[in-house]
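Undergrad: To start, I am sharing the structure in question, which I have written as structure tokens.
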Amino acid sequence: MPQVERLHQTLLWPLRLLRSGAQAHNRRPWELLQALPDHPWRELQDEYTGDARGYHERHYQEFLTFLPYVQRVLFGEGRSAGQADDRLGESGLKTFRRRDVAAFELRTQPGRPLIRLQVQHIDLIFFYDIDAVLLNVELSGEGLELAEVQELLYRLGRAYPAGWDDAGLPLHCLAECRFLNAQGEVLVESDTREREPFIEHVQARRAPRVAAHWAWLLRPLVPDHGDQTGDLRYRQVEYYRMPVMAHLAVDDPRSLSRADFVRLGLICGAGDGSLPYGEGHLQDFEARYCWDRFWCAQGAAPFTRYLSCGHSLVVVGDARSAFFTSRERGVLAQFRHQHFMLFLLVHFQKAALLIYSDRLVDALRRLNVGDPDNVRIFKREIRSCFEGFLRFTHRYWFHEVSEQVQARSLHRLLLQHLEVQPLYAEVKTRIGDMAQYLETDNVRRQANTVVRLTVVTIFGLVGTITTGFLGMNLLAESEAPLWQRIALFALTLGVALWLTGYTIVKSKRLSDFLDALSDERLTLRQKLGVLVGVWR
């Protein structure tokens, strides 16, 4: 059985944020997080804003991997001499880190040994202008069997169980999972074996219940459909399996069978050595899911293979290769920096597009055309969605992120499997349709207003010409007492207002009468019939 000498596994869970509270919409999500008391999340000063001694060659190489417009999003604007603190040059994302969790202790299946994975870091990643957050968990382990690693990749990143077997064990999830602090004390334990709370939650709320250990990890963020109250709430936007990255340093990559690579690339779990699916389904596996530029005996890291199905990005290489396991300038450094950023960008783009689609659905679901206030709220939400999508397009939407062959190829592989570009086109069309609907509705309302004003003007013109003909005054009241003139003025004003209001009320039918009056094909009797119809 092949041995995985060292494993690096990264989970990335995209979530939609919903803000509540009096000042929620006036503050960014991370500002709300910072204002909340008693939580472990602290803003991470990155290598560009923190101590210069923390900036290493791997960060330099990470920066140079990306094209300039991607660099500005990930790392911020360039600084000139004397601009050490330029807030306008900040990157497009904010990272918060918690340091109280030191290890994950877990068991993949009953009867299997306990595994302890060390926590490299646990982060919350926010983005400007987008109500999304990504939970990033990086773990590492040593001396694991390949079958255990395949099970870890398959079972660890599950937000909740898909079901339970006859023995009451959660399907596709870990048999046990608990988070430990640096002293080895248990901070929280998974509750995926407790079937009834999950079933009752879905029945009562029509939304899945997040497992206790993941919900605890995200606090003070709380589930949108849960019992807890909080200013920052989150909602699932994708499948309940968290996207996963993995770096496997094995004792001999060539000893892995085709079935082993299929199970790693498609995250299928361990098996008995046979293929997990039919041969016809997997006949183009290498062409679709593998990037084999370095699967050869030459190079600094021979027999290195990259695999991706969109949901995952796995790199397998030789543990004996110093370049493959180097944390400073080797494949491991690339995996934790350049490749992670590629993975992050693509999954953030997909999550943002799904969030905009959800916002459109929510707005339409709440629309009540019979309520003017509700219609105004609907229009504001659609315009806000349109504005936010424009910001997303011009700031975060890239067709290419790098000119380096490896980064560009992996980026295209991820885009292809996640189908992000067709999703972008679909969401853009939907938002464009909604914006066009609002524009058409505004034009229609303006046209109706113009018709009413035209009718009032035409009928008012008759009275104006009649009373003002040659400047004649039918009633000579210039010498009358002041009170009498004021009374006549008020009476005339009241009658004029009533006639104007009445004309506006009947303006639609009066407009039809004017159309009939100008139609030479209608007889006089027909025209008079239309006039009489104004008061029916």
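The values are calculated or read from the model by the stated rules, or taken from the named source; none is laboratory data. Everything quoted here is computed from the prediction, not taken from an experiment. Note that each Cβ is placed from the backbone with ideal geometry, even for glycine, and that neighbours are counted across all protein chains shown.
Undergrad: All but one of (1) loosely packed, with under 11 Cβ neighbours inside 10 Å; (2) farther than 20 Å from Arg536 by Cβ; (3) modelled with pLDDT of 75 or more; (4) not charged (D, E, K, R) hold for Gly468; which doesn't?
TA: It fails just one condition, (3).
Undergrad: If you don't mind, there's one more thing I want to ask. Among residues belonging to the range 316-371 that are under 30 Å from Ser257 (Cβ atoms) and of a type in the set (Phe, Trp, Tyr), point out the one that is farthest from the chain's Cα centre (by Cα).
TA: Result: Phe323.
Undergrad: In this structure, does Phe392 turn out to be touching a helix residue (DSSP H, G or I) at 6+ places or on another chain (Cβ under 7 Å) and in contact (Cβ under 8 Å) with a residue 24 or more places away in the chain?
TA: Here the answer is yes, as Phe392 does meet what is asked.
Undergrad: For residues that are among the hydroxyl-bearing types (Ser, Thr, Tyr) and within 20 Å of the chain's Cα centre (by Cα), scanning just the range 197-255, find the one that is surrounded by the fewest Cβ atoms within 10 Å (Cβ to Cβ).
TA: The extreme case among them is Tyr239.
Undergrad: I've got another one for you. Considering the range 286-338 alone, what residues qualify as being polar (S, T, N, Q) and either under 12 Å from Leu413 (Cβ atoms) or not in a loop (DSSP other than H, G, I, E, B) (or both)?
TA: Of everything in the range 286-338, those that are polar (S, T, N, Q) and either under 12 Å from Leu413 (Cβ atoms) or not in a loop (DSSP other than H, G, I, E, B) (or both) turn out to be Ser308, Ser312, Thr325, Gln334, Gln338.
Undergrad: Next question. Residues in the range 258-271: is at least one over 30 Å from Gly330 (Cα atoms), outside the structural domain of Ala132 (by TED's automatic domain parsing) and not hydrophobic (A, V, I, L, M, F, W, C)?
TA: yes
Undergrad: Out of (1) at pLDDT below 90; (2) assigned to a helix (DSSP H, G or I); (3) hydrophobic (A, V, I, L, M, F, W, C); (4) under 25 Å from Cys309 (Cβ atoms), the odd one out for Ile382 is which?
TA: Among (1) at pLDDT below 90; (2) assigned to a helix (DSSP H, G or I); (3) hydrophobic (A, V, I, L, M, F, W, C); (4) under 25 Å from Cys309 (Cβ atoms), Ile382 violates only (4).
Undergrad: Taking strands (runs of 3 or more DSSP E) that do not extend beyond the range 92-155, which have at least 1 residues that are of a type in the set (Asp, Glu) and farther than 30 Å from Arg359 by Cα?
TA: 103-107, 130-145
Undergrad: Would you be able to say whether some residue in the range 480-491 is in the same structural domain as Gly463 (by TED's automatic domain parsing), among the small types (Gly, Ala, Ser) and not in a helix (DSSP H, G or I)?
TA: Yes, the range 480-491 has at least one match.
Undergrad: Of the residues in the range 492-507, how many are assigned to a helix (DSSP H, G or I) and surrounded by 14 or more Cβ atoms within 10 Å (Cβ to Cβ)?
TA: Looking only at that region, the number is 4.
Undergrad: Looking only at the range 57-73, which residues are loosely packed, with under 15 Cβ neighbours inside 10 Å and under 25 Å from the mean Cα position of the chain (by Cα)?
TA: Pro68, Tyr69
Undergrad: Does the range 280-289 contain any residue that is basic (Lys, Arg), surrounded by fewer than 20 Cβ atoms within 10 Å (Cβ to Cβ) and closer than 24 Å to Ala351 by Cα?
TA: yes
Undergrad: How many residues are of a type in the set (Gly, Ala, Ser), surrounded by fewer than 19 Cβ atoms within 10 Å (Cβ to Cβ) and touching a strand residue (DSSP E or B) at 6+ places or on another chain (Cβ under 9 Å) if we restrict to the range 319-371?
TA: The total comes to 1.
Undergrad: Just to verify a result, which residue in the range 132-182, among those that are over 17 Å from Ala211 (Cα atoms) and free of Cβ contacts under 8 Å to residues at least 60 places away in the same chain, is surrounded by the fewest Cβ atoms within 10 Å (Cβ to Cβ)?
TA: That would be Asp166.
Undergrad: So, in the range 291-305, of the ones that are in contact (Cβ under 8 Å) with a residue 12 or more places away in the chain and surrounded by fewer than 18 Cβ atoms within 10 Å (Cβ to Cβ), which residue ends up farthest from Gly265 (Cα to Cα)?
TA: The residue in question is Ala300.
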